[in-house]
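Participant: Mind looking over this structure? Questions follow.
The values are calculated or read from the model by the stated rules, or taken from the named source; none is laboratory data. Everything quoted here is computed from the prediction, not taken from an experiment. Positions of Cβ are generated from backbone atoms using ideal geometry, with glycine treated the same way; all protein chains shown enter the neighbour counts.
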Amino acid sequence: MASPMSANRFLDALQDEGVTIVEVGDWREHNRNHVGPWGPVHGVMIHHTVTSGTEETVRLCRDGHPTLPGPLCHGVITKDGRVHLVGYGRANHAGLGDDDVLRAVIAEKALPPDNEANTDGNRHFYGFECENLGDGEDPWPEAQLEAIEKVSAAVCRHHGWTARSVIGHLEWQPGKIDPKGFTMNWMRDRIEERLK
Ligand SMILES: [Zn+2]
């Protein structure tokens with residue numbers, strides 16, 4: 001049972017981990033808290049955006065679109081490895097996922113297959129969207145991979161979690177494929193190494 005960090009603590013944790021931050025507008029107060037709960041938090045979720053270009057990617061993740069209002073995550077990790085903070089609180093990133101997966105994340109056990117969409121993930125996960133087309137061909141620069149590793153480690157370090165608390169959207173919600181281009185097991189190994 002973990003309460004979400006304050007926005008300022010979140011910013012500090014990321015900076016302490018060596019992340020390059022860009023603060024976007026009123027990110028501390030930009031959230032979906034008026035439509036549902038935020039917390040307790042149990043993990044970190046990684047996504048890809050299916051966009052290219054920093055400006056358009058950050059704008060979309062901050063504002064969302066008519067059928068899915070923003071923010072669509074907390075931090076946007078662009079190709080250059082910078083992390084743009086676009087919102088804080090409940091965000092539209094995780095959608096409905098599998099309660100068995102949530103239980104495994106809480107217990108930090110191996111993940112079962114995600115075959116149900118019965119649980120509100122926006123309540124329970126910090127979310128990071130990564131600029132990538134998601135076609136399996138668009139490259140993931142090392143600076144961007146390192147930023148994913150660092151933001152995940154920063155949140156885990158604060159809450160006393162292991163890398164098993166970091167999952168991909170594809171491990172949460174049936175039908176999702178993100179992030180595509182590396183495996184979450186490989187990324188979790190990197191995060192675990194950083195947390196040593
Ligand atoms: Zn996603």
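Participant: So, in the range 54-82, of the ones that are of a type outside the set (Val, Ile, Thr) and without any contact (Cβ under 8 Å) to a residue 24 or more places away in the chain, which residue ends up surrounded by the most Cβ atoms within 10 Å (Cβ to Cβ)?
Facilitator: 60
Participant: Hey, another quick one. With (1) within 14 Å of the ligand (Cβ to nearest atom); (2) in contact (Cβ under 8 Å) with a residue 24 or more places away in the chain; (3) under 26 Å from residue 32 (Cα atoms); (4) part of a loop (DSSP other than H, G, I, E, B) as the list, and residue 180 as the residue in question, which single condition is left unmet?
Facilitator: Answer for residue 180: the failing condition is (3).
Participant: State the number of residues belonging to the range 1-42 that are among the acidic types (Asp, Glu) and not in a helix (DSSP H, G or I).
Facilitator: Going through the range 1-42 one residue at a time, the tally reaches 3.
Participant: Say whether the condition of being modelled with pLDDT of 95 or more, within 20 Å of residue 71 (Cβ to Cβ), more than 15 Å from the ligand (Cβ to nearest atom) and crowded, with 24+ Cβ neighbours inside 10 Å is met by at least one residue in the range 127-148.
Facilitator: Taking every residue of the range 127-148 in turn, at least one turns out to be modelled with pLDDT of 95 or more, within 20 Å of residue 71 (Cβ to Cβ), more than 15 Å from the ligand (Cβ to nearest atom) and crowded, with 24+ Cβ neighbours inside 10 Å.
Participant: Looking at 103, 194, 157, 123, can you tell me which residue is more than 22 Å from residue 19 (Cα to Cα), assigned to a helix (DSSP H, G or I) and charged (D, E, K, R)?
Facilitator: Residue meeting the stated conditions: 103.
Participant: Of 196, 150, 176, 109, which residue is among the basic types (Lys, Arg) and in contact with a His (Cβ under 8 Å, 6 or more places away or on another chain)?
Facilitator: Of the residues listed, the single one that is among the basic types (Lys, Arg) and in contact with a His (Cβ under 8 Å, 6 or more places away or on another chain) is 176.
Participant: Could you list all residues from the range 69-100 that are over 28 Å from residue 143 (Cβ atoms) and over 16 Å from the mean Cα position of the chain (by Cα)?
Facilitator: 69, 98, 99, 100
Participant: Counting only residues that are within 11 Å of the ligand (Cβ to nearest atom) and surrounded by fewer than 17 Cβ atoms within 10 Å (Cβ to Cβ), which one in the range 161-177 is farthest from residue 193 (Cα to Cα)?
Facilitator: Per the criteria, the residue is 175.
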